[in-house]
1. Pick from the stretch 100-134 the residues that are in contact with a strand residue (DSSP E or B) (Cβ under 9 Å, 6 or more places away or on another chain) and charged (D, E, K, R): which of them is farthest from residue 158 (Cα to Cα)?
2. Which residue is surrounded by the most Cβ atoms within 10 Å (Cβ to Cβ), if the candidates are limited to the stretch 1-51 and must be at pLDDT below 65 and part of a strand (DSSP E or B)?
3. Identify all residues within the stretch 138-180 that are among the hydroxyl-bearing types (Ser, Thr, Tyr) and modelled with pLDDT of 95 or more; write none if there are none.
4. Please work out which residue is surrounded by the fewest Cβ atoms within 10 Å (Cβ to Cβ), limiting yourself to the stretch 148-172 and to residues that are under 20 Å from the mean Cα position of the chain (by Cα) and of a type in the set (Ser, Thr, Tyr).
5. Kindly indicate which of 193, 171 is touching a Lys or Arg at 6+ places or on another chain (Cβ under 7 Å) and hydrophobic (A, V, I, L, M, F, W, C).
6. So, of the residues in the stretch 187-201 that are crowded, with 16+ Cβ neighbours inside 10 Å and within 18 Å of residue 174 (Cα to Cα), which turns out to be modelled with the lowest pLDDT?
7. Just for strands (runs of 3 or more DSSP E) wholly inside the stretch 56-129: which have at least 1 residues that are modelled with pLDDT under 65?
8. Hey, among 145, 132, which residue is in a strand (DSSP E or B), in contact (Cβ under 8 Å) with a residue 12 or more places away in the chain, out of contact with any Lys or Arg (no Cβ under 8 Å at 6 or more places or on another chain) and under 30 Å from residue 45 (Cα atoms)?
Amino acid sequence: MEHTEVELKWPIPDPEKFFAALRAASAKVHINRYATEHELNIWYERGKNAEDARRLRISRPYPYRRGCDYHYCVTKKGSNKSVRFKASLEENFYGLYFSSPQKALQFFLFVGYTDHFRYERTRTDFHFNGIVLSYDSLPQIGNYVEIEGDPGDILEAASLLGLDEKDSTNLSYKVLFKKWKADNPSSDAKGLLWEDERHFFSVI
């Protein structure tokens with residue numbers, strides 16, 4: 001499946017205030033597979049061609065419930081295109097099924113890709129004013145809300161939630177991590193990864 005994605009992110013320094021705004025606006029949790037998922041996202045590149053990149057997303061429900069399997073999704077990132085504001089991104093989504101995270105990792109190495117960057121997040125999706133809004137919690141860089149849809153609809157939804165366009169960004173989490181590293185040169189972190197009990201992906 002291929003589509004053009006237009007999205008913006010906002011940092012959320014005060015989650016309690018933000019969730020109060022969501023409740024006041026009657027935003028509904030989007031129940032697709034699970035209300036909240038814990039994801040590991042791995043960026044793979046082949047050779048020196050960063051344009052030929054793939055993202056493997058491995059997810060499972062958070063908190064984890066026995067009997068629930070891992071879910072896998074592979075994304076091919078396209079080039080940015082200018083739109084009314086910020087940027088859009090073409091993406092191809094593929095459904096791949098592996099028996100374990102290790103098998104997924106072995107597949108990418110077998111076809112010539114190298115693991116370049118990893119980030120974890122917990123994500124909760126909401127339906128709001130006909131668009132999808134995703135609330136992400138990440139290690140190091142904190143909490144972000146990502147709003148996807150038509151440019152006008154994105155800004156309208158953001159305004160209703162008390163978010164200002166000037167505070168938004170279209171940078172990827174990979175780039176946001178690099179900026180965080182520049183501000184925290186003493187950190188030995190190589191990705192946005194938790195080290196507590198939620199880091200169940202340590203086996204890979």
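1. Per the criteria, the residue is 115.
2. 5
3. Filtering the stretch 138-180 for residues among the hydroxyl-bearing types (Ser, Thr, Tyr) gives 144, 159, 168-169, 172-173.
Within the stretch 138-180, just 144 meets the criteria.
4. Looking at the filtered set, the residue picked out is 169.
5. Values: 171 fails: touching a Lys or Arg at 6+ places or on another chain (Cβ under 7 Å).
Within the list 193, 171, the selection yields 193.
6. Result: 194.
7. On the way: elements: 71-81, 88-94, 114-128.
It comes to 71-81, 88-94.
8. Values: 145 fails: out of contact with any Lys or Arg (no Cβ under 8 Å at 6 or more places or on another chain).
That would be 132, the only listed residue that is in a strand (DSSP E or B), in contact (Cβ under 8 Å) with a residue 12 or more places away in the chain, out of contact with any Lys or Arg (no Cβ under 8 Å at 6 or more places or on another chain) and under 30 Å from residue 45 (Cα atoms).
The values are calculated or read from the model by the stated rules, or taken from the named source; none is laboratory data. What you are looking at is a predicted structure, and each value in this text was computed from that prediction instead of being measured. Here the Cβ is made from the backbone with ideal geometry for all residues, glycine too, and neighbour counts use every protein chain on show.
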